[in-house]
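Structure, as structure tokens:
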Amino acid sequence: MREKSVAVRIGNAVVGGGAPVLVQSMTTTSPKDVEGSVKQIVELAQAGCELARITVPTLADAEKLKEIVAKVRAAGVEIPLSADIHFQPKAAFEALKWVEKVRINPGNFVSAGQNIEDVFSPFVREAKKLGRAVRIGVNHGSLSARILAKFGNTPLGMVESALEFLAICEAENFDQIVFSLKASRPLEMVQANRLMAERLREGGHKPYPFHLGVTEAGEGEDGRIKSAVGIGALLIDGIGDTIRVSLTENPVNEIPVAFALLQAAGLRKTKAEFISCPGCGRTLFELQIVTREVKNRFSHLKNLSIAVMGCIVNGPGEMAGADFGYVGAGNGKITLYEGTEPVKKYIPQEEALDELEKLIKERGKWIEK
Ligand code: SF4
């Protein structure tokens, strides 16, 4: 069951509070390369990215955010921006001035020997004053020595690390926070997030939103599968309010994967839903070619589900409640279904796609691309 989390306002976007799961990504440029950073943020926004994060290694980089934000907005891009901070509380304070959200890593925000409260409380107060959101972003690979000594490099250690920082936010009465607990292996990432959700519930804390991601997931098929396993498992559990699919590729490539993942989890619809059988000895037409053609022609109809089934034997019963079905009927013929009803029978295959389009139009369900 998806629990309604705290609504966290990040500029003109909302994470949690029942808002659609937000898709985000991260630039690969240095903030000192202002033009390059702006270009990448604009490209990400054009691809559908809904929040862009920028790595900010030093105070000098944080000072560049002012110019980056101004240029991004001048380009007409309004998506919220987030700064990613490690090791440099000074950079985090500077970033709060310019971007809508700042991510800090509890594993390295406070130096050894420093008191967490002394460093983090003033930061939380400043975020609260400026109306900024904060991500408490724990990484499996960078837990503090203090946590490692006590809990080891474990999902429990990740959760304890996040809870230490949560205690300070709660003491400051600040709830505009998002949690992330990332690992490069989906198993640890899933365990840590499940444990964190459990601890929030059991501890009587507010249901803060979660940012999900498998960090260093890799590239190509490997990166996509790892992300789908880790992020998907949690989304199906009802955990997760924003996601980032991390790929070792142009970050623009992350966006369609994120939306496809959300669609597969039944959380957002950005294209038509397709159901197609794998084909077998009973398949009565070129299933792969036809399925591709159906996808090309109808994928913009995001409120519809369309099935392509190789034959009538198991076809109609297995169309999983699709709105329309394209089903092989033998001898170069196709039968079109509406739900489980055959509505146009034994049409020559060459005409079947046009007939399907006509049928969708007749039912008033067509939209232009
Ligand atoms: S629907 Fe027909 S063609 Fe497709 S896999 Fe099932 S039996 Fe084979």
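The values are calculated or read from the model by the stated rules, or taken from the named source; none is laboratory data. Small disclaimer: the values here were computed from a predicted structure and weren't measured. Cβ coordinates were reconstructed from backbone atoms using ideal geometry, including for glycine residues, and neighbour counts include every protein chain displayed.
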Inset, instruction - Please go through segment 276-303 and pick out each residue that is near the ligand (Cβ under 10 Å from one of its atoms), without any contact (Cβ under 8 Å) to a residue 60 or more places away in the chain and over 30 Å from the mean Cα position of the chain (by Cα). - result: Gly279, Cys280, Gly281, Arg282, Thr283, Leu284, Leu287
Inset, instruction - Check segment 258-275 and report whether any residue there is surrounded by fewer than 20 Cβ atoms within 10 Å (Cβ to Cβ) and more than 19 Å from the chain's Cα centre (by Cα). - result: yes
Legend entry - Those residues of segment 29-44 which are in a helix (DSSP H, G or I) and crowded, with 17+ Cβ neighbours inside 10 Å, in sequence order: Val34, Ser37, Val38, Gln40, Ile41, Val42, Glu43, Leu44
Inset, instruction - Run Gly48 past the list (1) closer than 22 Å to Leu247 by Cβ; (2) in contact with a Leu (Cβ under 8 Å, 6 or more places away or on another chain); (3) surrounded by fewer than 17 Cβ atoms within 10 Å (Cβ to Cβ) and report the number of the one that doesn't hold. - result: (2)
Inset, instruction - Kindly indicate the residue of segment 151-174 that is out of contact with any helix residue (DSSP H, G or I) (no Cβ under 7 Å at 6 or more places or on another chain) and of a type outside the set (S, T, N, Q) and also nearest to Val229 (Cα to Cα) among those meeting that condition. - result: Gly152
Legend entry - segment 259-311, residues that are at positive phi and touching a helix residue (DSSP H, G or I) at 6+ places or on another chain (Cβ under 7 Å): Gly279
Inset, instruction - Please state which one of Ala75, Ala112 is in contact with a helix residue (DSSP H, G or I) (Cβ under 8 Å, 6 or more places away or on another chain) and under 25 Å from Val245 (Cβ atoms). - result: Ala75
Inset, instruction - Output yes when any residue across segment 99-106 is farther than 18 Å from Met26 by Cβ, at pLDDT 95 or above, among the basic types (Lys, Arg) and under 27 Å from the mean Cα position of the chain (by Cα), and no when none is. - result: no
Inset, instruction - Go through (1) in contact with a Cys (Cβ under 7 Å, 6 or more places away or on another chain); (2) farther than 25 Å from Gly18 by Cα and name the single condition Val124 misses. - result: (2)
Inset, instruction - Being modelled with pLDDT of 95 or more and more than 17 Å from Lys361 (Cα to Cα) is the filter here, so list the residues in segment 313-333 that pass it. - result: none
Legend entry - Test: residue in segment 231-242 that is more than 11 Å from the ligand (Cβ to nearest atom), modelled with pLDDT under 95 and charged (D, E, K, R): no
Inset, instruction - Starting from segment 147-162, keep only residues that are without any contact (Cβ under 8 Å) to a residue 12 or more places away in the chain, then list their pairs with residues that are part of a helix (DSSP H, G or I) and not aromatic (Phe, Trp, Tyr) whose Cβ atoms are within a distance under 7 Å, requiring at least 6 positions of separation or different chains. - result: Leu148/Gly157; Phe151/Gly157; Phe151/Glu160
Inset, instruction - Answer yes or no: is there a residue in segment 341-352 that is under 34 Å from the mean Cα position of the chain (by Cα) and within 27 Å of Ile367 (Cα to Cα). - result: no
Inset, instruction - Tell me, yes or no, whether segment 99-111 has at least one residue that is in a loop (DSSP other than H, G, I, E, B), under 24 Å from Ala217 (Cα atoms), of a type outside the set (D, E, K, R) and touching an Asp or Glu at 6+ places or on another chain (Cβ under 9 Å). - result: yes
Legend entry - Matching residues, segment 304-321, being away from the ligand (no atom under 11 Å from the Cβ) and of a type in the set (Gly, Ala, Ser): Ser305, Ala320, Gly321
Inset, instruction - Look at segment 334-368 and say how many of its residues are in contact (Cβ under 8 Å) with a residue 24 or more places away in the chain, within 15 Å of the ligand (Cβ to nearest atom) and farther than 18 Å from Asn303 by Cβ. - result: 4
Legend entry - Boolean, Gln263 is of a type in the set (S, T, N, Q), within 16 Å of the ligand (Cβ to nearest atom), out of contact with any Phe, Trp or Tyr (no Cβ under 8 Å at 6 or more places or on another chain) and over 18 Å from Ser180 (Cβ atoms): no
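Check whether at least one residue in segment 25-48 is within 21 Å of Phe123 (Cα to Cα) and in the same structural domain as Ile231 (by TED's automatic domain parsing), and report yes or no. Can you show your working first?
Residues of segment 25-48 that are within 21 Å of Phe123 (Cα to Cα), as a first pass: none.
No, segment 25-48 has no match at all.
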Inset, instruction - Kindly establish whether Ile243 is out of contact with any His (no Cβ under 9 Å at 6 or more places or on another chain) and closer than 20 Å to Ser82 by Cβ. - result: no
